[in-house]
Amino acid sequence: MEQLFYYLKVSWFSIKRAPLPYMLTVLILSLGLGVFFSNATFYYRMNSDPLPDKSDKLFFPMLMLVPYQCSDCKPPPVLSYSNVAKLDVSTIPSAKAAMYSADGYLRQHAAQPPTPVTVRITQRDFFSMFDVPLLHGTIWADNQARDELLLSKATAEKILGRTDVVGQQLLLDDRLFTIIGVLDDWQMLPKLYDAYNRQYLNPVEDVYLPLESGYDYNYLSSTNSSTFDDADFRKLATDGRNKALHQLQYWVQLDTPAQQQAYRQFMANLVTDEKAAGRHPSAEANQLVMLRDIVRYFGGESADIKAFAIVTLLFLLVSVFNASHLSLNRYLSNQYEFSLRRALGANRSQLQMQLLVDMGLMSTFTLAGAAVIAYGCTKLMNSLWPANHLFAGWDVQLMLALAVLTLFCSYLVTLYPSLRASFGSLNKQLKE
Amino acid sequence: MITLTNLGKVFRTELIETHALREVNLQVNEGEFAALTGPSGSGKSTLLNILGTLESFDSGDYQLDGKSVKGLPDAALSKLRNEKIGFIFQSFNLIKDFSIYDNIELPLRYRGLKAAERKQRIEQALELVGLHARRDYLPGQLSGGQQQRVAIARAIAGQPRILLADEPTGNLDSLMARQVMELLEQINRQGCTILMVTHDPDQARRAGRNIQIIDGQLHDSTMYDPLAQHTA
Ligand SMILES: Nc1ncnc2c1ncn2[C@@H]1O[C@H](COP(=O)(O)OP(=O)(O)O)[C@@H](O)[C@H]1O
Ligand SMILES: [Mg+2]
């Protein structure tokens, strides 16, 4: 222990001898690491798998079942109500849910000012499929229309001031709904069930409403809907249900390859039958995309984010290179002291201990610097691209990764130069 | 205690080969005070560095206390340096921002001595060189002669049996040089073997033995007669 303090003291003296180059080394390294880390966090979060046990079991079926002629094209990314009904017949999936999103206003009573909320309009399997945690209450008993909603924890706290609110009533767009459940803290990152149009970058919704009620009450989709006939998208309850108004995302859970194969066949048969019945003219082009692949399928992977990640990596490499150059100079100017210590009987492992302590000290300073710079960078990115703030969170794992990376870079920066210094010719400096 | 047989050392750079030492044979006995003289560039420092195991050699053998140092691993050589050998340099080689005390402590640290034992040895060494009052000074606050005495204290604090001094008075004026010489003689009288490089003929004469190197070869080893040694 006493010896460790001694090594620290020696390190400290050698820093004090030339503080500027040392500070510059630490600064350059911190800058490279900080910028890299803040960007890598973002990249890592964007590409992380929110449901590792399930991401290869949840599938997004898209039917080429539209009233227009199209050879060589992809099926629409969203389904019509009637197409979902056709898919819903299948008993192959172990779970299935159709959904879309809408906006609404929520308040406790008419005297309260309304709060704008995002609404996920969906079916009961949604909660089990995407591992949505429930804090209080239950989910809907079935997929029928009902004036029952679930709230996110934050929404319950915001509107009602507490979370244990099951059974209470609320006004959603001035219609009375009963709260049957409150979700626990939940943020699927990325929000892959909603991958089209880069919606997966957004937070999960505040309020959950049964699909049938959404159609009955004419909750218009807040994202994209397309009509392929004379359907009026503003008449959900009628045209929405009967005509080619496409706005529903549909997810099915297919646990085994056999189920997946069977479901593909089922989709193909469905389209063939419909075609035979003269209800659609297009060539078969169904898709069944795994949750894990959904962002890539929709082309939502951002090339600029990738490019940025590469640029910051290069920046880190340049920083390490520069820092190691500075540190090499520092060691070369200290080489005399190495030789002296050797002459006085220090063996290599004792010198190496000293270098290790040097490295530890540098890592500590650099880690602190990098954390500060990464924090600043993250703040800056969040203010430039507010939508991305969800992906900027650090956790213990990421912090550990930063620490390990810092240690590794300090090692590169310290070790090579110091090895050169300690294994170099011993006597030169002392002879004169 | 030191035996060199046909020792050779060659420095190779891309352009030239320098034969710094050729066929050097030398025996130094316990308790000797030997002066090493010779023109500049003749190989004096190289010889001293080899004796101090700071430098390797290319041919021949070097036996210290009857054991060859050839091929010893780094740890063994470091231990040898630390326990048996003390170095004194022309330019003192004190660490500028370490106190006198901390400078003297260096070799004791590397030997792994406990704090109390280190302290006792440092005080003893400081006492001997007469700088006890200056223990907390920085080297820069001392005169050249005092600095060299600190370096001597550092070299002897570990109680080595051999002291290797490379022009220890080269940077000192004559008064200070004489003080340093007297100190070395005192240390020698206590039983420490000393090899000292010097340009000063007076100093060389004061030493019990004068070894001359010219162009990497040993000449006129006044006191030493290998035949006499062997037949004795
Ligand atoms: N590290 C080295 N590399 C190459 N040549 C060296 C090296 N050290 C010493 N020499 C050469 O070896 C010869 C002896 O040097 P040195 O022992 O320093 O002489 P002295 O101390 O007697 O002045 C000189 O010619 C010198 O140039
Ligand atoms: Mg010399």
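Using a Cα distance threshold of under 18 Å, what count of lysine pairs results for chain B when pairs must be 8 or more residues apart or interchain? Intermediate results must be reported in sequence, preceding the final value.
On the way: B:Lys9/B:Lys44; B:Lys9/B:Lys70; B:Lys67/B:Lys79; B:Lys67/B:Lys84; B:Lys70/B:Lys79; B:Lys70/B:Lys84; B:Lys79/B:Lys114.
So the count works out to 7.
Which residue, A:Thr312, A:Ser339, A:Tyr208, has the largest displacement toward the positive end of the dipole of chain A when charges sit on each Cβ (Lys, Arg +1; Asp, Glu -1)?
A:Ser339
For region A:288-352 and region A:254-272, write down the distance between their C-alpha centroids in whole Å.
A separation of 49 Å, based on Cα centres.
I need the phi-derived Karplus couplings for region A:278-287: 6.51 cos²θ - 1.76 cosθ + 1.60, θ = phi - 60°, integer Hz, Gly and Pro marked x.
Values per residue, Gly and Pro as x: x, 8, 7, x, 7, 6, 5, 7, 5, 9 Hz.
Bin width 10 Å, alpha-carbon pairs only: give the P(r) of the protein assembly as shown as whole percents, running from 0 to the bin holding the largest distance.
With 10 Å bins starting at 0, P(r) equals 3, 12, 16, 14, 10, 8, 8, 8, 9, 8, 4, 1, 0.
Under a GNM of chain A (C-alpha, springs under 10 Å), which listed residue has the highest mean-square fluctuation: A:Asn347, A:Asn143, A:Asn388?
Top of the fluctuation ranking is A:Asn347.
Please compute, for peptide A:332-344, the average count of beta-carbon atoms on other protein chains lying within 10 Å of each residue's beta-carbon. Provide the component values of the computation, followed by the final result.
Working: counts 0, 0, 0, 0, 3, 3, 0, 2, 7, 6, 7, 16, 18.
Across A:332-344, the average partner-chain Cβ count within 10 Å equals 5.
Work out from phi, with θ = phi - 60° and the Karplus expression 6.51 cos²θ - 1.76 cosθ + 1.60, the ³J(HN,Hα) of each residue of region A:125-130, listed in order in whole Hz, and give x for Gly and Pro.
3J(HN,Hα) across region A:125-130, in whole Hz: 5, 3, 5, 6, 4, 9.
What distance in nm separates the simple spin-label points at B:Arg189 and B:Val10, each placed 7 Å from Cα in the Cβ direction?
Simple spin-label model gives 4.7 nm for this pair.
Dipole size in debye (nearest 20) for the protein assembly as shown around its Cα centre, Lys and Arg Cβ +1, Asp and Glu Cβ -1?
Details: 63 positive and 66 negative charges, 320 e Å.
About 1540 debye.
Assign unit charges at the C-beta atoms only (+1 for Lys and Arg, -1 for Asp and Glu), then state the dipole size of region A:58-297 relative to its Cα centre in Debye, rounded to the nearest 20.
In debye, rounded to 20, region A:58-297 gives about 300.
Structure shown: which of A:Lys74/A:Lys306; A:Lys153/A:Lys243; A:Lys57/A:Lys275 lie over 32 Å apart, alpha-carbon to alpha-carbon?
Long pairs (Cα-Cα over 32 Å): A:Lys153/A:Lys243.
With unit charges on the beta carbon (Lys/Arg positive, Asp/Glu negative), name the residue among A:Leu176, A:Ala85, A:Asn269 whose Cα is farthest towards the positive pole of the charge dipole of region A:58-297.
A:Asn269
Given springs between every Cα pair under 10 Å in a Gaussian network model of chain B, which of B:Pro39, B:Pro201, B:Pro73 has the largest fluctuation?
Residue with maximal mean-square fluctuation among B:Pro39, B:Pro201, B:Pro73: B:Pro73.
How high is the FRET efficiency from A:Ala262 to A:Val372, r the C-beta distance, R0 41 Å, rounded to 0.05?
Details: r = 55 Å, r/R0 = 1.35.
Once rounded, the FRET efficiency stands at 0.15.
Show me, for region B:169-174, the HN-Hα J-couplings you get by feeding each phi into the Karplus relation (A = 6.51, B = -1.76, C = 1.60, θ = phi - 60°), rounded to Hz, glycine and proline as x.
Running phi through 6.51 cos²θ - 1.76 cosθ + 1.60 with θ = phi - 60° gives 10, x, 9, 10, 6, 5 Hz.
Evaluate the distance, in nm, between pseudo-label points positioned 7 Å from the Cα of A:Thr227 and of B:Glu17 along their respective Cα→Cβ axes.
9.8
Over chain B, what portion of Cα pair distances is larger than 32 Å, expressed as a whole percent?
Working: 5117 of 26796 pairs.
For chain B, the fraction of Cα-Cα distances above 32 Å is 19 percent.
Give the angle, between 0 and 90 degrees and rounded to the nearest 10, that separates the Cα long axis of helix A:396-423 from the longest principal axis of the Cα atoms of chain A.
30
Tell me the mean residue ellipticity at 222 nm calculated for chain B from its helices only (DSSP H runs of n ≥ 4, each -39500 (n - 2.57), averaged over every residue, nearest 500).
Working: 8 runs with 88 residues, N = 232.
Helices in chain B give a 222 nm mean residue ellipticity of -11500 deg cm²/dmol.
What residues from region A:239-258 fall in the zone where the backbone N is under 19 Å from a label point 7 Å along the Cα-to-C-beta line of A:Lys74?
A:246-252
With only alpha-carbon atoms in the gyration tensor, what are the semi-axes of the equivalent ellipsoid for region B:107-225, in Å, largest first?
Sorted largest first and rounded, they come to 28, 18, 12 Å.
Would you mind checking the radius of gyration and Dmax of region A:58-297 based on alpha-carbon positions, in Å?
Final numbers for Rg and Dmax: 18.2, 57 Å.
Which residue, B:Ile16, B:Ile187, B:Ile100, has the most motion in a Gaussian network model of chain B that connects Cα atoms within less than 10 Å?
Comparing B:Ile16, B:Ile187, B:Ile100 in a Gaussian network model of chain B, the most mobile one is B:Ile16.
What is the average number of partner chain Cβ atoms found within 10 Å of a Cβ in B:71-80? Please list the in-between numbers first.
On the way: counts 0, 0, 2, 5, 4, 1, 4, 11, 2, 1.
Across B:71-80, the average partner-chain Cβ count within 10 Å equals 3.
A:Asp229's amide H: which non-local residues (gap 5+, or another chain) put their own amide H closer than 5 Å, with H modeled 1.01 Å from N in plane and none for Pro or chain starts?
So A:Asp229 has HN proximity to A:Ala244.
Quickly estimate the mean residue ellipticity at 222 nm for chain A, helices only: each DSSP H run with n ≥ 4 gives -39500 (n - 2.57), and the total goes over all residues, rounded to 500.
Details: 13 runs with 204 residues, N = 432.
Only helices count here, giving -15500 deg cm²/dmol.
We did not get these values from a lab; they are worked out from the coordinates using the rules stated. Predicted model only: the values in this text are computed from it and were never measured. No Cβ is skipped: glycine too gets one built from the backbone with ideal geometry, and neighbour counts run over all protein chains shown.
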